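Below is one structure; the comments refer to it alone.
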Amino acid sequence: MTKKKDNTNLEIIHPVCCGLDIHKKKISACLITVDSSGKAKQQVKNFGTFTKNIKQLKEWLLKNNCPIVAMESTGIFWRPVYNVLEKDMNLILVNARHIKNVPGRKTDISDSKWLASLLRHGLLKGSFIPPADIREFRDLTRLRKKYTETLGDFARRVHKLFETANIKIGSVVSDLFGATGKNLIHLLCDENAKITKNDVANCAKGSLVKKVDELFISIEGYFKEHHRFQLIGLMETITNLENQISVITSKLDEIMSPHQDILDRLDEIPGIDKVAAQRIVSEIGVTLDEFIVMEALACWGGLCPGNNESAGKRKGGKSPVRKHHFKSILIEIAWSAIKKKGSYYKAKYYKLKARRGAKRAIVAIAHRISKAIYRIIKYGERYKELGEDYLMKKMTNEAKVKKLKQQAKKLGFDLVAC
């Protein structure tokens, strides 16, 4: 009996499609169409990356009735192309890690052909790209974050400068850039000022009025014109950064006002304030239609472990998502959430920390916060605090007794039932 020959082929999902390999100065495009006889036909063209060239690419695709385009997420070079094409056709942005070509036979043209071939058979998984307005929120919140980090760097430079000049203001005031600290810094920046105790007294505010003598001693250091020149430049930069952060915050408050209800409900979660809520919305949007279940959001954010199974055995698998803005935001939120007294997240963290360690425990808390965020945005729910004793209430009496025995044993006692 002869074996029947297997003629099974991959199903064609998109008969007409295009793959783009995008670089800084060149775009390689491979368009797959179907001729009159039903056979696939490839057309390959190269375009520049100026807006005029990208519009020519769009006209070429529309002329050939191309409904879908795939491109690789190489740096930021894909963004101009996406902005021009997104209104006229379906775009799929693909993670480069998922579509690696054969080593040793890789060129720009072959990459575009490979992309088009995978797209034709429906083998590409698109990345999450939020709508244009959410992308604008994202640009501003990330820029504010960058300015805030830079502001912290320059503030630390001022601390370092004062230490080299033996200026010990930071040893007296809790915040060098508070009202009193800034007044003293401006006093030091004035080259014509002959600093007296009365000048220091005029700078002191609040509870520091009682520490005028100590403040006066703290600014008697090895402060020369060389240090003053650096301090003036640093303070100008800090002032400019503070102004920019204030302007961006005002702009975000204005353009995100239509979503104020979501921001207010996110603000109810422990560890989340107005700034964190704005960052969350700017990263994932206000609908979450792309995430069918809450687990999908956590997985996309890199808060779930990876799968590593072989021969029926499950091995430890690290998350394939190493760096992710949403993950960084939730980790920061989680560290704040576990500090709130009486919260569920605090109790859960310390329970997990004893068994899994601090790093794994904080990621687990971030995972739980992502689930709360999902339900708040997707279904319009409000955050409900379970309380610090929630975990104890869930335990059975036997489990509670076992836990108490373990704690007593650690202290050197044996717990015996009466």
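Can you give me the relative contact order of the chain as a percent, contacts being Cα pairs under 8 Å and 6 or more apart?
Dividing the mean separation by the residue count of the chain yields 11 percent.
Nothing charged except the Cβ atoms of Lys and Arg (+1) and of Asp and Glu (-1): what's the magnitude of the dipole of the range 134-257 about its Cα centre? Round to the nearest 20 debye.
Using Cβ point charges on Lys, Arg, Asp and Glu, the range 134-257 gives about 280 debye.
Taking the Cα centre of the range 35-101 as the origin, how large is its charge dipole in debye, to the nearest 20, when only Lys and Arg (+1) and Asp and Glu (-1) carry charge on their Cβ atoms?
The dipole of the range 35-101 has a size of about 120 debye.
Please name whichever of G380, M395, I169 sits farthest to the positive end of the charge dipole of the chain, dipole taken about the Cα centre and charges placed at Cβ: Lys and Arg +1, Asp and Glu -1.
Going by the Cα projections, it comes out as M395.
Which ³J(HN,Hα) values in Hz, rounded to whole numbers, follow from the phi angles of the range 158-174 under the Karplus curve 6.51 cos²θ - 1.76 cosθ + 1.60, where θ = phi - 60° and Gly and Pro get x?
Ordered by residue, 3J(HN,Hα) equals 5, 4, 5, 4, 5, 5, 5, 8, 6, 8, 10, 4, x, 7, 9, 9, 6 Hz.
Nearest 500 deg cm²/dmol is fine: what mean residue ellipticity at 222 nm does the chain get from its DSSP H runs of n ≥ 4 alone, each adding -39,500 (n - 2.57), divided by its residue count?
Calculated mean residue ellipticity at 222 nm is -16500 deg cm²/dmol.
Could you tally the net charge around M395, taking each other residue with its Cβ under 10 Å from the Cβ of M395, Lys/Arg +1 and Asp/Glu -1?
Net local charge, M395 excluded: +4.
Net charge within 12 Å of Q56 by Cβ-Cβ distance, Lys/Arg positive one each and Asp/Glu negative one each, not counting Q56 itself?
Result for the neighbourhood of Q56: +4.
Please tell me the relative contact order of the range 134-257 in percent, rounded to the nearest whole number, where contacts are Cα pairs under 8 Å and at least six residues apart.
Computed over the range 134-257, the figure is 40 percent.
Counting Lys +1, Arg +1, Asp -1, Glu -1, what net charge surrounds I376 among other residues with beta carbon under 14 Å of its beta carbon?
+1
Among C18, W60, L252, whose Cα lies farthest out toward the positive end of the dipole of the chain, if unit charges sit on the beta carbon of Lys, Arg (+1) and Asp, Glu (-1)?
Of the listed residues, the answer is C18.
From the residues L288, G178, V209, which one has its Cα farthest along the dipole of the range 159-309 in the positive direction, the dipole being from +1 and -1 charges on Cβ of Lys/Arg and Asp/Glu about the Cα centre?
The one lying farthest along the dipole's positive direction is V209.
Collect residues whose amide H, placed 1.01 Å from N in the peptide plane, falls under 5 Å from the amide H of I92; neighbours closer than 5 in sequence don't count.
Placed amide hydrogens put V69, A70, M71 under 5 Å from I92.
Kindly list the residues of the range 49-87 that lie in the label zone of H23, defined by a backbone N under 12 Å from the point 7 Å along the Cα-to-C-beta vector.
Residues 49 fall inside that zone.
Where in the range 18-53 does the label zone of D88 land, with the point 7 angstrom along Cα→C-beta and an amide N cut-off under 12 Å?
Flagged as within label range: 52-53.
Hey, got the dipole for the range 134-198? About the Cα centre, +1 on K and R Cβ, -1 on D and E Cβ, debye to the nearest 20?
It comes to approximately 200 debye.
Using a ≥ b ≥ c from the Cα gyration tensor of the range 17-120 (square roots of the eigenvalues), is it rounded, prolate or oblate, where a/c under 1.5 gives rounded and otherwise the larger of a/b and b/c decides, a/b for prolate?
Note, shape of the range 17-120 comes out oblate.
Select one label from (i) 18, 37, 32, 11, 1, 0; (ii) 25, 58, 17, 0; (iii) 29, 60, 11, 0: the one whose number is P(r) over Cα pairs in 20 Å bins from 0, in percent as derived from the coordinates shown.
Answer label, from the structure shown: (i).
Quick check on the range 124-268: what does the Kirkwood estimate of hydrodynamic radius come out to from the alpha carbon pairs, in Å?
18.0 Å
Between the DSSP loop rule and a limit of at most 13 other Cβ atoms within 10 Å, which trypsin sites (Lys or Arg not before Pro) in the range 287-392 are left?
Sites meeting the loop and neighbour criteria: K315, K318, R322, K323, K339, K341, R382, K384.
Of all beta bridges DSSP finds with both residues in the chain, what is the antiparallel percent, to the nearest 5?
70 percent
Enter the Cα centre distance for the pair the range 236-258 and the range 29-88, rounded to the nearest angstrom.
38 Å
Let me know the longest stretch in the chain that avoids all GluC sites (Glu not before Pro) found in a DSSP loop with at most 12 other C-beta atoms within 10 Å.
Longest gap between qualifying sites, sites excluded: 12-190.
A short reminder: the numbers here are calculations on the coordinates, not readings from a lab. Computed from a predicted structure; not experimentally measured. We place every Cβ from the backbone using ideal geometry, glycine too, and count neighbours over all the protein chains shown.
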